[in-house]
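Working notes for the structure below.
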Protein chains: 2
Amino acid sequence: MIKITLPDGAVREYREGTSSLEIAKSISEGLARKIIAASVNGEVWDATRPIQTDASLKLLTWNDPEGKSTFWHSTAHLMAEAVESIFPGVKFWVGPAVENGFYYDMDLGDRQITEEDLRKLEVKMAELAAKQNPYIRTSISKADAIHFFQEKGDEYKLDLLEHLQDGEITFYSQGSFTDLCRGPHIPDTGFIKALKLTNIAGAYWKGDEKNKQLTRIYGVSFPSKKELDEYLLMLEEAKKRDHRKLGKEMGIYTTDDEVGQGLILWMPNGTIIIEELEKLAKETEQAAGYHRVVTPHIAKESLYLTSGHLPYYQESMYPPMELDGTKYYLKSMNCPHHHKIFAAEPRSYKELPLRLAEYGTCYRYEQSGELFGLMRVRCLHMNDAHIYCSKEDFAQEFRSVNEMYLKYFKIFGIDKYVMRLSLHDPANLGKKYINEPQLWLETEAMVRKALLESNTPFVEVTGEGAFYGPKIDVQIWSAIGREFTLATNQVDFAQGRRFKLEYTNRENQPETPLIIHRAPLGTHERFIGFLLEHYAGKFPLWLAPQQVKVLPISDKYMEYAQTVLESLKNADIRAAIDDRSEKIGKKIRDTELARVPFMLIIGEKEMDAKQVSVRRQGKGDLGAQELDSFIKELKTEIKLRS
Amino acid sequence: MIKITLPDGAVREYREGTSSLEIAKSISEGLARKIIAASVNGEVWDATRPIQTDASLKLLTWNDPEGKSTFWHSTAHLMAEAVESIFPGVKFWVGPAVENGFYYDMDLGDRQITEEDLRKLEVKMAELAAKQNPYIRTSISKADAIHFFQEKGDEYKLDLLEHLQDGEITFYSQGSFTDLCRGPHIPDTGFIKALKLTNIAGAYWKGDEKNKQLTRIYGVSFPSKKELDEYLLMLEEAKKRDHRKLGKEMGIYTTDDEVGQGLILWMPNGTIIIEELEKLAKETEQAAGYHRVVTPHIAKESLYLTSGHLPYYQESMYPPMELDGTKYYLKSMNCPHHHKIFAAEPRSYKELPLRLAEYGTCYRYEQSGELFGLMRVRCLHMNDAHIYCSKEDFAQEFRSVNEMYLKYFKIFGIDKYVMRLSLHDPANLGKKYINEPQLWLETEAMVRKALLESNTPFVEVTGEGAFYGPKIDVQIWSAIGREFTLATNQVDFAQGRRFKLEYTNRENQPETPLIIHRAPLGTHERFIGFLLEHYAGKFPLWLAPQQVKVLPISDKYMEYAQTVLESLKNADIRAAIDDRSEKIGKKIRDTELARVPFMLIIGEKEMDAKQVSVRRQGKGDLGAQELDSFIKELKTEIKLRS
């Protein structure tokens, strides 16, 4: 018998060779029907794979990220089967799951694949899926595997085999298709109830443009038709809400070839949003006892050797400028500069936790192919702060930071979010991660404990930590259900020592502070990109670049309209007047299209009564009102950020 | 007879060979006594030098910058005479006037000069000055000049002679001392009524450390004892108000070797001042119809080739970063980025004047020897804006900018200022200045006209313009009378064309806008440095990093003190509590020393009456007051920035 430990700590006994799926069935048939794969001792396995020893087990469904990626990877195999049946002789390279679906790279010889082919493939795949063919895993010797692909004449798989060890090679088969694959896979093709092939692209073999160009087919699949429909609707909506499209239309930002790729020029309307966000951050941080600082964007090489950015982070940094025999680097993070401010004065425990905040501008090198609108850029304005605290203060500070996240999420109507605790990868110690194995484990345990104690939902991922400590990435979902990785919260046990930061503790002894790096609003670039989609450009009143438009029905009322405008401006409301000689209907339509929250219609009646007729974006006519009371209501709504 | 045109346009006739001094005497004996030199056809001459042709004449007194520099340069000669009489065999290099006085570099052989020597020299100089020896100008052939210094054995002057043309060489003599010198000089040594030798330094010959180190003696002189006394008092006061000393004491800023020289790290208290200044600028600019933008700190080489920063401004820029085969530069000015925002959308005359503002951060390369506290730095936060306007709008926009300057001066209590109109130097066209001789003259005339029309006091200086157009430098004087060059206002006829900027004019034709570059508050670095001296660190309430300190008389009143603190914080007043177990007298003294504007004393009486006892920095006890009314008064004072 073997002992299986479930996530709630319960331990159950099963005979050796029981599969996760069988264990699920032993709990409930309904549960078993949802099981896609299983995490066995932290490794994702086929749900059907026999477990031979004691193990910890987490059953994975569509709702787990690993469940989704297993599902999509299995669909890639299904697509390959369909391709092979329609285009015999095709050779396959690799077919991984990606962020939203999967792809497979293949060599179709001289054949060009068409949209029509995709539709044919979809039909074939649905037909094969309906057969509920099981995904069958077999271990195979390297010699037999080579023989198999030599017979098939697939030089790509033979290339992959070259780098694999005998004894570690597995094949997966479903229906008539067999692939060299490490797995895992879903139990059978019947799980795939809905699918869509989304795109055809060219991809050089191994990403090298000197190699042959292969055909890459992208697709996505779901466990029900309903989910596919929702996804397609979301894609459609996301297209309308594309931040690049809205960003241009609304005068939010621009880029310029002579300035450089990934370097955002914020136009007046975007700058208004930036300033409102900074105001929110400043108010929130001031109330939470933060102090603001301002630091330069460059520093000498020696600073980054001290911090460890050189070499651990070098590939993300701009190359140096050489001046007077010294190398200067653009900063890719604000932390080293803040540490220098901590170090500028002798510090006592009485000053701790010391919280230094800056909307700092950092420069990071992203490959030009990776750049994307506001989402992937080279210049980032970061909602940064560093909290220097004692070990005893850590848990409380960490909780306060989490609460700040939640406060922001509420303001922006972000209902769905998840914290992802990113840990170090022991194999990369001294390469990607500071070589302090013991401190890594201690700090990770401390963060995990703080998360558990504060009842924050989180998942753990290995190998995604910052180079100086564990990191919490916060993923949020926009109003239309798209996922964004936004903010981070990091714990740093390394830099305090590297910078020889010290405070005098209660025992009058020097002690090194722990450092929390946090950026709840992420960067202006990514956050405003997110908000554009989230609100479809219809910003709440406090964030809207233009808050009120005054619409005189004709030139006769222009003078009164001007006094209305003046009153609005004096109340610090962002307002303008539509002084075109257009019909009022057109003025209203244009203002709606420009996504201005409020319109004030000014005609004979309003002028005589010294009133304004109020229309609200998306809500229509709200009737006539005294200007003063309207302004008062607006001011309250702006102040509350509701 | 020759015709002499005076500054007011009056023309007088004199016989050929009349000197400026004689002309002055013909006007008034009182005037003549003040004449130090004269500007003849724009060139500064000895007042005693005969004028042979028709000329425009401006008589120069101590109050003219050229008057002062002539006075100080003449004192350098007087010092040389004294040195020679006390240390025979001394050899001289050069002895120019500088910002505040003069120096002379000399080779004293093995002799080390001491403070005591300086006192001896001062006595000697006073004695020689009293002789009222005239400064006598003689033209001399190159051969005779060489002979003279060969006889004297002065290889330094012989080196100078090498680079001079025969026919252009003049000697100046006073008393027993003769020097190779272009002049001009004051009429006689009797003008020098008070002097002080201020400093001894080493200086490599020709500034090259491979050469011999010469002795440099600094001094300053005045036409009256009273002015010297005032100057020494001002120096004493300036030392106490030194922004580097106050900046450290008050936690305003720091620098760090690992970050780099001239790169300011703004500490929390400095950042508060920065944010208050930015708030002032934003409010003022918003009211004046400016739009804010945010731009990155780097751009590609091609942008700066378009703008002309490369090559015209290259020596002030950081070296490039090479990335993907492209050179990126740190921006030394914000203008090119703003031009790109102008160019990002089609523009109509209806949008003009378009005013784009940004507190932009620029990087400029200053020699490390030139760096000085906050005054000369390598990273500058600039109160920048660019106004794109038509030629017709220019005068009005220019006046509005001037008015903004004056508004700021009033807020900061800057009573003394002067505008310096800096023009191009025709000899440097195509080198330091865009090669557009006609446009230079036109634009300069336009600016001069606008200055005259707005009755702004200004002086003109040749060869100090920006590379793209004429510039107005604004010089201001601090409360203790020290001069600072602060802000600039520039007119740019070149970059609009270089960037192909266009708007559609009323005639529906494309037209290039004129551009005004302006920065009334200069840079945070220099302006805060100025303010530290101006206020001696005792900032007005609205700017003070800490506005109120709550001083409980003993721990018994701590709880009430805390509620007072909370009320202050809720009213957005920067306040803290002095919770040390110190006597109230010491708490008050320490708070005075920390330059906090208000103290609230909290004791039995105050607690029982729910009041606070108010003390104001420098004014002492103001009596007890209800907390609410105190807060209300403070809020008003802060809002009014009074």
Original post:
So who's got an amide H within less than 5 Å of the one on A:E464, skipping anything under 5 residues away but keeping other chains? H placed 1.01 Å off N, in plane.
Top reply: A:L423
**OP:** Could you give the DSSP H helices of chain B that reach 30 angstrom or more along their long axis (alpha carbon positions) and whose average Kyte-Doolittle hydropathy is no lower than -1.0?
**Re:** B:65-86, B:391-411
Original post:
Where only protein heavy atoms count, and the probe is 1.4 Å, what is the accessible area per residue for region B:91-165 in Å²?
Top reply: 56
Original post:
So what is the calculated 222 nm ellipticity per residue for chain B, using -39500 (n - 2.57) for each DSSP H run with n of 4 or more, over all residues, to the nearest 500 deg cm²/dmol?
Top reply: -11000 deg cm²/dmol
Original post:
For the cross-link pairs B:K245/B:K471; A:K248/A:K587; A:K391/A:K432; A:K350/A:K432; B:K152/B:K206, which exceed 28 Å when the distance is taken from alpha carbon to alpha carbon?
Top reply: B:K245/B:K471; A:K350/A:K432
Original post:
Karplus couplings for region B:469-479 from phi (6.51 cos²θ - 1.76 cosθ + 1.60, θ = phi - 60°), rounded to Hz, Gly and Pro as x?
Top reply: x, x, 9, 10, 8, 9, 9, 10, 10, 6, 3
Original post:
In chain A, with Lys and Arg counted as +1 and Asp and Glu as -1 at Cβ, which of these residues, A:H339, A:I273, A:A10, has the Cα nearest the positive end of the dipole, that is, farthest along it?
Top reply: A:I273
Original post:
Once label points are set 7 Å from the Cα along Cα→Cβ at both A:S581 and A:K391, what is their separation, rounded to one decimal in nm?
Top reply: 8.0
Subject >> Lys/Arg +1, Asp/Glu -1 at C-beta; chain B dipole; positive extreme among B:M125, B:A575, B:S19 >> reply: B:A575
Original post:
Given a 1.4 Å probe, how much area per residue of region A:250-369 is accessible, in Å²?
Top reply: 33
Original post:
Can you pull the Rg over Rh of region A:66-238, Cα-only, Kirkwood?
Top reply: 0.96
Original post:
So for the protein assembly as shown, what percent of the C-alpha to C-alpha distances run longer than 58 Å?
Top reply: 32
Original post:
Given just the C-alpha atoms of chain A, how large is their convex hull per residue in cubic angstrom?
Top reply: 217
Original post:
What aspartates and glutamates sit close enough to A:K500 to cross-link, taking a C-alpha to C-alpha distance under 17 Å and skipping anything fewer than 8 places away on the same chain?
Top reply: A:E345, A:E436, A:D492, A:E511, B:D256, B:D257, B:E258
Original post:
Under 13 Å Cα-Cα from B:K549, which aspartates and glutamates qualify once same-chain neighbours fewer than 8 residues away are excluded?
Top reply: B:E566, B:D578, B:D579, B:D590, B:E592
Subject >> Under the Karplus curve 6.51 cos²θ - 1.76 cosθ + 1.60, θ = phi - 60°, whole-Hz ³J(HN,Hα) for region A:414-428, x wherever Gly or Pro sits >> reply: 8, 8, 10, 7, 9, 9, 10, 7, 9, 9, 7, 10, x, 5, 9
**OP:** Collect residues whose amide H, placed 1.01 Å from N in the peptide plane, falls under 5 Å from the amide H of B:A487; neighbours closer than 5 in sequence don't count.
**Re:** B:V474
Original post:
Going down the list A:K635/B:K632; A:K569/A:K635; A:K279/B:K340, which pairs span over 18 Å between their C-alpha atoms?
Top reply: A:K635/B:K632; A:K279/B:K340
Original post:
Karplus couplings for region A:510-523 from phi (6.51 cos²θ - 1.76 cosθ + 1.60, θ = phi - 60°), rounded to Hz, Gly and Pro as x?
Top reply: x, 9, 8, x, 7, 10, 9, 9, 9, 8, x, 8, x, 10
**OP:** Whenever you get a sec, compute what percent of the accessible area on the protein assembly as shown sits on carbon and sulfur atoms (1.4 Å probe).
**Re:** 48
Original post:
What are the semi-axes of the equivalent ellipsoid of region B:2-61, taken as the square roots of 5 times the eigenvalues of the Cα gyration tensor, listed largest first and rounded to whole Å?
Top reply: 15, 12, 11
**OP:** Enumerate the residues in region A:67-105 having an amide nitrogen under 16 Å from the point lying 7 Å beyond the Cα of A:E151 toward its Cβ.
**Re:** A:89
Original post:
Just for chain B, what percent of DSSP beta bridges are antiparallel, to the closest 5?
Top reply: 85
Original post:
Given the convex hull over the Cα atoms of region A:548-640, what projected area results after averaging over all orientations, in nm²?
Top reply: 5.4
Subject >> Net charge of neighbours whose Cβ lies under 15 Å from the Cβ of A:N428, counting Lys and Arg as +1 and Asp and Glu as -1 >> reply: -2
**OP:** Work through the residues other than A:F493 whose Cβ is under 11 Å from its Cβ and net out their charges, Lys, Arg +1 and Asp, Glu -1.
**Re:** -1
Original post:
What's the average, rounded to a whole number, of partner chain beta-carbon atoms within 10 Å of each residue's beta-carbon in A:339-347?
Top reply: 4
Original post:
Taking the DSSP beta bridges in region A:548-640 as the whole, what percent of them are antiparallel, to the nearest 5?
Top reply: 55
Original post:
Using alpha-carbon pairs under 8 Å, 6+ residues apart, how would you state the relative contact order of region A:23-100 in percent?
Top reply: 23
**OP:** Report the full-extension gain for the segment A:E283 to A:E464: residue separation times 0.36 nm, less the Cα-Cα distance, to one decimal in nm.
**Re:** 62.0 nm
Subject >> Sites matching GluC sites (Glu not before Pro) across region A:295-391 that sit in DSSP coil, with at most 15 neighbouring C-beta atoms within 10 Å >> reply: A:E366
Original post:
Using a 1.4 angstrom probe on protein heavy atoms only, which residues from region A:283-313 are buried by at least 40 Å² of accessible area when all chains are present rather than their own chain alone?
Top reply: A:R292, A:V294, A:P296, A:H297, A:I298, A:K300
Original post:
At what distance in nm do the modelled label points of B:D621 and B:D555 sit from each other, each positioned 7 Å from its Cα along Cα→Cβ?
Top reply: 2.7
Subject >> Amide H within-cut-off set for A:R292, under 5 Å, with H built and near neighbours excluded >> reply: A:A357
Original post:
Given that compact globular proteins tend to follow 2.2 N^0.38 Å, what is the ratio of the alpha-carbon Rg of region B:1-123 to that value?
Top reply: 1.34
**OP:** Compute the label zone of A:K3 within region A:26-41: residues whose backbone N is under 16 Å from the point 7 Å along Cα-to-Cβ.
**Re:** A:41
**OP:** Express in nm, to one decimal, how much length is gained between A:S348 and A:K225 on full extension, taking 0.36 nm for each residue of separation and deducting their alpha carbon distance.
**Re:** 38.1 nm
**OP:** Kindly identify region A:371-491 as rounded, prolate or oblate by the Cα gyration tensor criterion: order the square roots of the eigenvalues as a ≥ b ≥ c, call it rounded if a/c is under 1.5, otherwise compare a/b with b/c, prolate if a/b is larger, else oblate.
**Re:** oblate
Original post:
What is the magnitude of the charge dipole of chain B about its Cα centre, with +1 placed on the Cβ of each Lys and Arg, -1 on the Cβ of each Asp and Glu, and no other charges, expressed in debye to the nearest 20?
Top reply: 1100
Original post:
Given a 1.4 Å probe, how much area per residue of region B:548-640 is accessible, in Å²?
Top reply: 54
Subject >> Inter-copy label distances at A:T114 (7 Å, Cα→Cβ; nm, one decimal) >> reply: 10.4
**OP:** Label region A:254-535 by shape, choosing from rounded, prolate and oblate, from the square roots a ≥ b ≥ c of the eigenvalues of the Cα gyration tensor; if a/c is under 1.5 it is rounded, and otherwise prolate applies when a/b is larger than b/c, oblate when it is not.
**Re:** rounded
**OP:** Find the sum over both chains of the accessible area lost when B and A are paired, probe 1.4 Å, and report it in Å² to the nearest 100.
**Re:** 4500
**OP:** Count charges around B:V548 for me, please; just the other residues with Cβ under 13 Å from its Cβ, Lys/Arg as +1, Asp/Glu as -1.
**Re:** +2
**OP:** Take the alpha carbon atoms of region B:451-491, find their radius of gyration, then divide it by 2.2 N^0.38 Å using N residues; give the quotient.
**Re:** 1.31
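The values are calculated or read from the model by the stated rules, or taken from the named source; none is laboratory data. Because the structure is a prediction, the values reported are computed rather than measured. Every residue, glycine among them, receives a Cβ derived from its backbone with ideal geometry; neighbour counts consider all protein chains shown. Protein only, heavy atoms only, side chains kept; ligands, DNA and RNA dropped before computing areas. Shrake-Rupley method; radii C 1.70, N 1.55, O 1.52, S 1.80 Å.
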